[in-house]
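S.K.: Can you keep this structure in mind? I'll have questions shortly.
The values are calculated or read from the model by the stated rules, or taken from the named source; none is laboratory data. Quantities reported herein were computed from a predicted structural model and do not represent experimental measurements. Ideal geometry is used to build each Cβ from the backbone, glycine not excepted, and the neighbour counts take in all protein chains shown.
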Amino acid sequence: MQTEKVVDYIVNWLKDYATKAGINGFVVGVSGGIDSAVTSTLCAKTGLNVLCVEMPIHQAKSHVSRAKEHIAQLLDRFDNVDETRTDLTPVFEAFKTEVFLDGDQATVDMALANTRARLRMTTLYYYAGLYGLLVAGTGNKVEDFGVGFYTKYGDGGVDLSPIADLMKSEVYRIGEFLKVPESIMKAAPSDGLFGDSRSDEDQIGASYPELEWAMKKDDEGKTAKDFSGREKAVFEIYKRYNTSNKHKMIPIPICEIPSNLL
């Protein structure tokens, strides 16, 4: 990958899209992870207004400290960057008092995790509407089109996706080029939706390098029968997520009424 040229291409794409849309700039949710760090830096390089929003909900301290470090670095490097912090913890706690929390605990925990993501999406669109900004998505290619590891209408609810055609490894290469803080570069990827430091690999059962490998093999038409051992296990994990999360990756189905019934 020609890193510098890819960065220039994305920055110009962002700037051109916003300019043609008559929009003032971008709003980005900054989590302390590599994807939001790279996305916010790319947006900052456009020279347009960028609002970085920190939205803790019982967040792990390590996530909060990395987010603060990154935002501080952006403020120091770019005059067009601003920040705000919206503590959504009391909103989340109030929500829990109004819904049923009975049933299988794992199912409840997952539903609440997705609710966190949707509260953050709502917050980002509030600021987008307030200041005339576009919500910039932070999903990469493996998450968005491989395993569907994001929340539908949560972190998947965005106006444009600047890094969605980049593999996770490529996002890291760009992060290094953009001088993303070392603490973020070394941190284990995590969605931060459970209020602890569990990693994406803990949840999925495979690392991003493994998922990239499986995604490429799937594109080549390989099946689980072509592999054994850990490779077979990883490929099966990838296919399970890819299949069950397909509804996130395709357009919303429309019930098309036959013309003879209209």
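S.K.: Confirm whether Leu48 is surrounded by 16 or more Cβ atoms within 10 Å (Cβ to Cβ), more than 26 Å from Gly192 (Cβ to Cβ), touching a residue at least 24 places away in the same chain (Cβ under 8 Å) and touching a Lys or Arg at 6+ places or on another chain (Cβ under 9 Å).
M.R.: When the stated conditions are applied, Leu48 passes them.
S.K.: Against the definition (under 15 Å from Val30 (Cβ atoms), surrounded by 19 or more Cβ atoms within 10 Å (Cβ to Cβ) and among the β-branched types (Val, Ile, Thr)), how does Thr138 come out, yes or no?
M.R.: yes
S.K.: Out of Thr115, Thr122, I need the residue that is part of a helix (DSSP H, G or I), over 21 Å from Leu160 (Cα atoms) and modelled with pLDDT of 95 or more. Which one?
M.R.: Thr115
S.K.: A further question on this structure: Taking only pairs six or more apart or across chains, which ones have beta-carbon atoms under 9 Å, a first residue in the range 78-106 that is closer than 19 Å to Leu119 by Cβ and touching a residue at least 24 places away in the same chain (Cβ under 8 Å), and a second residue that is of a type in the set (Ser, Thr, Tyr) and surrounded by 12 or more Cβ atoms within 10 Å (Cβ to Cβ)?
M.R.: Thr84/Tyr127; Thr86/Thr123; Thr86/Tyr126; Thr86/Tyr127; Leu88/Thr123; Val91/Thr123; Phe92/Thr115; Phe95/Thr115
S.K.: Report yes if Asp196 is of a type in the set (Asp, Glu), in contact (Cβ under 8 Å) with a residue 40 or more places away in the chain and touching an Asp or Glu at 6+ places or on another chain (Cβ under 9 Å), otherwise no.
M.R.: So Asp196 fails the test.
S.K.: On to the next question. Across the range 155-173, what is the number of residues that are within 20 Å of Asp219 (Cβ to Cβ) and either assigned to a helix (DSSP H, G or I) or under 11 Å from the mean Cα position of the chain (by Cα) (or both)?
M.R.: Residues that pass the stated criteria total 7.
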